[in-house]
Amino acid sequence: MEKVKKFETEIAGRKLVVETGLLANQANASVTVRYGDTMVLATAVMSRESREGMNYFPLMVDYEEKFYASGKIKGSRFIKREGRPTDEAVLNGRLIDRTLRPLFNQQMRNEVQVIVTVLSIDQENDPALVGAIAASTALAISDIPWSGPIAAVRVGEKDGKPVINPKNGEKENSLYDIFACGIEGKINMIETGAKEAEEAKIFEALSEGQKAIDQIVGFIKNIQKEIGKPKTEAILFLPDENFKKEIIEKFSEKIRPALFQKDYAVQTKLQNELFSEVGEYVKEKYPQESSQKKELALVAIDIEMQRLFDEAILEKNERPDSRAFDEVRPISCLVGILPRTHGSALFTRGETQALTIVTLGAPGMEQIVDTMELDEKKRFMHHYNFPPFSVGEVRPMRGPGRREIGHGALAEKAFLSVIPDKESFPYTIRLVSEILSSNGSSSMASTCGSNLALLDAGVPTAAVIGGVSVGIVVGADGKYKLLSDIQGPEDHFGGMDFKIAGSEKGITAIQLDVKTDGLTADMIRDTLEQSRKNRIEIIGIMNKTLGAPRADLSPFAPRIITLKINPEKIRDVIGPGGKVINQIIDETGVEIDIEDDGMVFITADNPEAGKKALEWVKNLTHEVIPGEVFQGRITRLMNFGAFAEILPGQEGLIHISEISEKRTERVDDALKVGQMVTVKVKEIDNLGRINLTMRGLENSVE
C-alpha cells in the first residue's frame, strides 16, 4: 500500500482523482481515474519484441463496458455475461484510439495494448471522457514511448455560452455536444453532434475546450514528473539510409508519376506496377532476406512519396490530381434507382460512390439499446458497409468493423436534428449505405447519399444535409495548406481527415482524425470556414436532383394510421393475455403499437386492412354518449330485460319497459339471443352502466 499514489485537481466544479499503485500492477502502467462517481481503470502494456510480419504499428485500444458499473444485470434473458462490445462501447473505444494513436511513432512494431475498463458510473459523468484521461495518464507514466499526454473534455451549451463537461441530463437542450481531445495548445480529435450550429459557435466551444484540455494536460504532466518511468527504446521498422537511398535512386523516375495523376485508374495502375517491380528487384538482389527487405523497400518508397507530396503542396501548390485546394471532385446524383425499396439514392464524388437505401417500418420496429449506462429505443438508424470490392481487394466478408460502425454513427449523428419527430412522422427509419467504390471521403458520400435517399422516400426532413472532408499539410515551419474533399494519396500522406456535415444554416456533425500532434486554433477556424463553402456548393448540386421530400411515400412503404384513445381503454384493445389485439392482427395482417399515453399506431401494407383495424380499435375504445343510436346484438335475456352488445366488448341493458311502446309481458316473447336490433343510448348511470331503449325506433317488435 505504500506504493499507492493519489493526485487530485478540479475540473468544471468536480474533483478529478487519479490513483495508481493499487490495481493491475503487472501492466507497464495502470491508473484509476474518478470523476464524480464515474470511475475507470486504464492499463497500458507493450510487448518486448516486435511481431513478425507486421507492416503497421500494432496498437489495440479496448473499451470494456461492465454492467456491474451501474448496478445492472445484462438484459438478455439467456445471456447475462458481457460479450461482444455494444456499438456504444466500440464508438467510445474509437474515441480514445483516435486521440492516442497519432502520438505514437507509426514505425513502431512493438505491440501496444490499452484497455479501459469501466468500474463505476454515476449516470452524470461520461465514462468515455474519464477513460480517455485515464488512458493518457497510464501511457504518460509508463515506460512506453509516446508523445503525450493528451486530455479530453466535453463541451455543451447553456444560455448561449459554452459549458465544460456538462452532466448527462444537461446535454439534451444544448445546441451542440462536443467531445474533444488534444495536447497543450492543440486539438487532435473531435466528435460532435449539433443542431445546425454556426461555425463561429463551434469554434467558440472548441476554444473553451482547449483551455480545459491544457489544464488537465498540465495536471497529468505533474503526475508524470513525480512517478513516471523512463521511456524505453521502441523497435522501429525503418530502412537504413544506404538501402533507402538505393531504392529511391533505382526507382526515382517511377515514383512521382505513380503519385501525381489526374486519372485515379492510371495512378493505381502505376503504383501497382511500381510496387511489383520493387518486389522483383529486392527478390533478385537479396534472395535470402527478400520478404523483410521488400517491406523495408516499400517503406523507403513511402517516405519518398511523402517528401514529394509535401513539397508539391507546400511549395508548388500542386495536388496529386491537379485540383485547386478548395475544389471538390465532380459530383453526380441519382435517386429512386431501386424498384421496390422505400427510397434509394446513388451519390458519386470522383471515384467514391455510395448507394443508400431507406426502409420505413412500424413504430414497434425501434431498436432496443441495452448498455451499462442506459436502456433506450432508437427509431432512426444509419448503417454503413464497406465491402472489399470497393477498393479492389479480396478479403473475407465479416461483420461490421470499428470503422464501419464509426462512419455509420457519424452519418446518423448528422441527421438526428433534422429527422421529423415521432408525432408528425411515426415511422421507424433505417438507412443503409453501401460503399460501392472508395477513393477517400466515403463517409461524407454516405451522408450526402443518405439525404437524397430520405427525400426520395418522402421523409420530411427539416433541412438538406451535405458533408465534406478537409485535409491538411503542415510544413516544418508551421505553415499549412488545407485540401478540400481529400482522396487516396491526400488521405494517406496528409495530416488530418476533418469531416464536417451540416445544412446551409450550420453544422450537424463533426469527426476529426489527425496524423500530426494536433491542430491550432487558426487551423480549426480556417477549416470550418473552407468546409462551409464546400458544403453549400455540394448541397446546391444535390438540390438540383431532389431538393425536397417527395409528396407521397413509396407504394411499397407501409402506411401508418394514428389515433389517440383514453389510456384506460388500452386494456380493452389488448384484451386478457393479448387475446383481442392478436385477433385484430391475425384477421387484418396489420401491426399495432400502443403507447402508455394512449397513442395507437396501426401499420398496414394494405390500406383496406388498415381501415378495418382502425374501425375495430375505434369500436373497442368508443366512449358512448346519451342519444347515440347503434345496431346491437342481443347477448343475454333476463326477466327484467335484455343485454345488447352495441360495440365490441360493450353491452347495455334494454329494460323490459324499453323494448316496445306497448307493454311487454315476457322478454323472450319479444327478443331472441343473436337478434340484431336498433337501440339508442338512453342514459349512462353513475356507475358507468349503459341503459338502452328500443322505443321510438324502427324495429320489428310489436
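The values are calculated or read from the model by the stated rules, or taken from the named source; none is laboratory data. None of these values were measured; they are calculated from a predicted model. Reconstructed Cβ throughout: ideal geometry from the backbone, glycine too, with neighbour counts over all protein chains shown.
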The one condition in (1) of a type outside the set (Val, Ile, Thr); (2) under 24 Å from the mean Cα position of the chain (by Cα); (3) part of a loop (DSSP other than H, G, I, E, B) that Gly478 fails to fulfil: (2)
Single residue of the range 327-342 satisfying the filter (more than 18 Å from Gly547 (Cα to Cα) and either surrounded by 13 or more Cβ atoms within 10 Å (Cβ to Cβ) or hydroxyl-bearing (Ser, Thr, Tyr) (or both)) that is nearest to the chain's Cα centre (by Cα): Thr341
Residue list for the range 514-534, filter: surrounded by fewer than 21 Cβ atoms within 10 Å (Cβ to Cβ) and either without any contact (Cβ under 8 Å) to a residue 12 or more places away in the chain or not aliphatic (A, V, I, L, M) (or both): Lys515, Thr516, Asp517, Thr520, Asp522, Arg525, Asp526, Glu529, Gln530, Arg532, Lys533
Filter result (surrounded by 13 or more Cβ atoms within 10 Å (Cβ to Cβ), out of contact with any Cys (no Cβ under 8 Å at 6 or more places or on another chain) and touching a residue at least 40 places away in the same chain (Cβ under 8 Å)) within the range 537-555: Glu537, Ile539, Asn543, Pro549, Arg550, Leu553, Ser554
When residues of the range 624-669 are limited to those that are part of a strand (DSSP E or B) and without any contact (Cβ under 8 Å) to a residue 24 or more places away in the chain, the one surrounded by the fewest Cβ atoms within 10 Å (Cβ to Cβ): Glu645
Where Ser441 falls short, out of the listed (1) surrounded by fewer than 24 Cβ atoms within 10 Å (Cβ to Cβ); (2) more than 26 Å from Asp593 (Cβ to Cβ); (3) in contact (Cβ under 8 Å) with a residue 12 or more places away in the chain: (1)
Search result, residues across the range 571-606 that are farther than 19 Å from Gly361 by Cα and of a type in the set (Asp, Glu): Asp572, Glu587, Asp596, Asp597
Residue satisfying condition, being within 38 Å of the chain's Cα centre (by Cα) and without any contact (Cβ under 8 Å) to a residue 12 or more places away in the chain, within set Glu289, Glu311: Glu311
Where a residue in the range 71-86 is free of Cβ contacts under 8 Å to residues at least 24 places away in the same chain and its partner, wherever it lies, is of a type outside the set (A, V, I, L, M) and not in a loop (DSSP other than H, G, I, E, B), with Cβ under 7 Å and at least six apart: Ile73/Phe67; Glu82/Phe67
Only one of Leu620, Leu614 that is over 39 Å from the mean Cα position of the chain (by Cα) and under 27 Å from Lys579 (Cα atoms): Leu620
Residue match in the range 285-303 (condition: out of contact with any strand residue (DSSP E or B) (no Cβ under 7 Å at 6 or more places or on another chain), part of a helix (DSSP H, G or I) and among the aromatic types (Phe, Trp, Tyr)): no
Some residue of the range 278-296 being within 30 Å of Arg323 (Cβ to Cβ), crowded, with 16+ Cβ neighbours inside 10 Å and not assigned by TED's automatic domain parsing to the domain that holds Glu393: yes
Cβ-Cβ under 8 Å pairs, at least 6 apart or on other chains, the range 476-491 side over 20 Å from Asp517 (Cα atoms), far side part of a strand (DSSP E or B) and not small (Gly, Ala, Ser): Ser484/Val468; Ser484/Val470; Asp485/Arg349; Asp485/Val468; Asp485/Val470; Gln487/Thr352
Pair list, Cβ < 8 Å and 6+ apart or interchain, from the range 418-431 residues that are not assigned by TED's automatic domain parsing to the domain that holds Glu504 and of a type outside the set (Gly, Ala, Ser) to residues that are surrounded by fewer than 19 Cβ atoms within 10 Å (Cβ to Cβ) and modelled with pLDDT of 95 or more: none
Single condition Asn272 does not satisfy, out of (1) in the same structural domain as Ile301 (by TED's automatic domain parsing); (2) surrounded by 13 or more Cβ atoms within 10 Å (Cβ to Cβ); (3) not basic (Lys, Arg): (2)
The range 84-111 - residue that is touching a Phe, Trp or Tyr at 6+ places or on another chain (Cβ under 8 Å) and among the polar types (S, T, N, Q) and, of those, surrounded by the most Cβ atoms within 10 Å (Cβ to Cβ): Asn92
Matching entry among Ile96, Ile115, Ile79 (being part of a helix (DSSP H, G or I) and either more than 25 Å from Ala151 (Cβ to Cβ) or not basic (Lys, Arg) (or both)): Ile96
Selection from the range 12-60 of residues that are of a type in the set (Phe, Trp, Tyr) and either under 19 Å from Ile121 (Cβ atoms) or in a strand (DSSP E or B) (or both): Tyr35
Wholly within the range 323-421, strands (runs of 3 or more DSSP E) carrying at least 2 residues that are aliphatic (A, V, I, L, M): 331-335, 343-349, 352-361, 367-370
